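Peer 1: Here you go, one structure.
Just so it is clear, none of the values below were taken in a lab; they were calculated from the coordinates. Not measured: the values here are computed from a predicted model. For neighbour counting, all protein chains shown are included, and Cβ atoms are generated from backbone atoms with ideal geometry for every residue, glycine included.
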Amino acid sequence: MLSRILFVCLSLSLYSAGSSLSCRWVDHKFRQHSETSLDLLNTMANNSTNSTEDAQVEDTVAFPNDLYSQASKASAEDKLHFTVQVLEEAAALFEEDHSNASWEENTVENFVNVVNQQADGLRSCTGSHGHKKKNKKLHMYFKRLSSHVLKKMSHSAEAWELIRKEIRTHLMRADQLVSSLLNTN
């Protein structure tokens, strides 16, 4: 009986140690990955041969400020889940046909890899209950970006520049959400 109690205590200790270790990723790696992903987006802008007006996306698909406002008031775990979804949705957009964009292929691949690493790292901080239901409004927003911007504009270089700017804003807002967790710890 005593050995079972000791085993349970040891298991709980290891689990909590593992949980705090996995969240070290946020403290030590998230900022680095965030800066890298923004740098890669800026590199894409520098390699871009087109110019667009920001108002075109705003008229087509309004930025979901209300969703970010709700997420900023949510629990730490919900903030992480929301940010993971933003990162996953952003990566999925950049996996669409971007052959008309003037970006170097390896820059786009590096961007998608870094964003996926961010999502995986944050997911590791949510523990075993990482399979939370996705935010439908956020998913529909990204779906509208795909259909109302990319598809309607035939995945043109101009459409991709609009998406690049929009995703840059998302990454900056996601960084703010995660940074708010660091400031409270």
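Peer 1: Largest first and to the nearest Å, give the Cα extent of the range 58-113 along each principal axis.
Peer 2: Largest to smallest, the principal-axis extents are 38, 29, 13 Å.
Peer 1: So for the pair Glu35, Arg144, with labels modelled 7 Å out along Cα→Cβ, what separation do we get in nm?
Peer 2: 3.5
Peer 1: At 0.36 nm per residue, minus the direct Cα-Cα distance, what do His28 and Glu77 gain on full extension? Give it in nm, one decimal, please. Spell out each step's value before the answer.
Peer 2: Working: separation 49, 0.36 × 49 = 17.64 nm, distance 1.79 nm.
Value of the extension gain: 15.8 nm.
Peer 1: Taking the alpha-carbon distance from Lys79 and a cut-off under 26 Å, which lysines remain once sequence neighbours fewer than 8 residues away in the same chain are dropped?
Peer 2: Lys29, Lys132, Lys133, Lys134, Lys136, Lys137, Lys143, Lys165
Peer 1: Which number comes out as Rg/Rh for the range 91-185 once both Rg and the Kirkwood Rh are worked out on C-alpha atoms?
Peer 2: Details: Rg = 15.0 Å, Rh = 14.9 Å.
Taking Rg over the Kirkwood Rh, I get 1.01.
Peer 1: In the range 140-154, which residues have a backbone nitrogen under 12 Å from the label point lying 7 Å from Gln70's Cα in the Cα-to-Cβ direction?
Peer 2: Answer for this model: 140-141.
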